[in-house]
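Structure, as structure tokens:
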Amino acid sequence: MAAIRTVNERAFGGAGEANAIEKLRARGQATISLIAQVEGQVVGHIFFSPVTLEMAHGALAGLGLAPLAVLPEFQRRGLGSQLARAGLEACRALGGEFVVVLGHSGYYPRFGFVRASAFGLRCEWEVPDPAFMALELMPGALAGRAGVVKYQPEWSGG
């Protein structure tokens, strides 16, 4: 959808996120995709795609929140928060056990995210510890499940 592409390009100042979303959709990996509209105009978008927690003895499927985008002129109006809450509720409704996000450590804790390292989780990429966060959608879902979270290859430019 062209409007979603525009929102992501303008919010992030480039095409990286929009390209990854389109590739994931083409491969059938769009788990949850929600938009925010103001007077019929798409002004925000949130996307969740599959991630895998690779542990010493097995793997666990989860969801990665990426990206959450709002057009610059509509930011700071609560639209991103509304999208995040609705998206996380949709993840729960799907039966998801956990969500991870690589983002601003001052923003995502309001939705219940904590440092992923508190659960023994590491991101497949080298990222600052406070920026990689996790949220258990089911209490105890990550207890004793330390490991490395792997994203879909599209997020690595694949």
Return yes when ALA69 is modelled with pLDDT of 95 or more, among the hydrophobic types (A, V, I, L, M, F, W, C), touching a Phe, Trp or Tyr at 6+ places or on another chain (Cβ under 6 Å) and surrounded by 15 or more Cβ atoms within 10 Å (Cβ to Cβ) and no when it is not. no
Out of SER81, SER33, which single residue is surrounded by 14 or more Cβ atoms within 10 Å (Cβ to Cβ) and closer than 26 Å to ASP129 by Cα? SER81
Might you check whether a residue that is touching a helix residue (DSSP H, G or I) at 6+ places or on another chain (Cβ under 7 Å) and either among the aliphatic types (A, V, I, L, M) or not in a strand (DSSP E or B) (or both) occurs anywhere in segment 89-97? no
Select, from PHE74, PHE47, the only residue that is within 20 Å of MET133 (Cα to Cα) and either touching a Ser or Thr at 6+ places or on another chain (Cβ under 7 Å) or surrounded by 14 or more Cβ atoms within 10 Å (Cβ to Cβ) (or both). PHE47
Specify which of the listed residues (LEU34, LEU88, LEU102, LEU65) is over 11 Å from the mean Cα position of the chain (by Cα) and not polar (S, T, N, Q). LEU34
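The values are calculated or read from the model by the stated rules, or taken from the named source; none is laboratory data. Keep in mind the model is a prediction, meaning the values are calculated, not measured. No Cβ is skipped: glycine too gets one built from the backbone with ideal geometry, and neighbour counts run over all protein chains shown.
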